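Colleague: After the structure tokens below, expect a handful of questions from me.
What follows is calculated from the coordinates using simple rules that are stated; it is not laboratory data. Computed from a predicted model, the values in this text were never measured in an experiment. Glycine also receives a Cβ, built like all others from the backbone with ideal geometry; neighbour counts cover every protein chain displayed.
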Amino acid sequence: MTAATKHQVQRMKPIEFENGAVQIDASIVAEGLGLAPSLLQEEMRAGRITSLAERGIDADSGRHRLTFFSEHRRFRVVVDETGAIVQRSAVDFGDSLLPKSVRMPGG
């Protein structure tokens, strides 16, 4: 890794907003879903991990809620307009499949 690349990596925030898209560090999502970071991309490509991004309104204006779903787990991160994480939570259903109601916006 070059010095310029190291500097760029160090400057990257865990969550950034660019051209209307939200970018989150994969290690945060992997940890929240209880996966190895190397497995996260593979699971996403296969469609076994999905996500939902919601933008806050009214009292939550400026906040974003990012939710990630695996077969048995839901991981949610709420961030402010700067990309700082203000809340994170995970629900693990163990051997049971994630209920469909948990996959709904705001659920």
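Colleague: In the stretch 17-33, which residues are free of Cβ contacts under 8 Å to residues at least 12 places away in the same chain and either on the phi > 0 side of the Ramachandran plot or crowded, with 16+ Cβ neighbours inside 10 Å (or both)?
Modeller: Matches in the stretch 17-33: Asn19, Gly20, Ala30, Glu31.
Colleague: Now for a separate question. Hey, which of the strands (runs of 3 or more DSSP E) in the stretch 42-107, taking only ones fully inside, have at least 3 residues that are hydrophobic (A, V, I, L, M, F, W, C), loosely packed, with under 13 Cβ neighbours inside 10 Å and touching a residue at least 40 places away in the same chain (Cβ under 8 Å)?
Modeller: So the answer is none; nothing clears 3.
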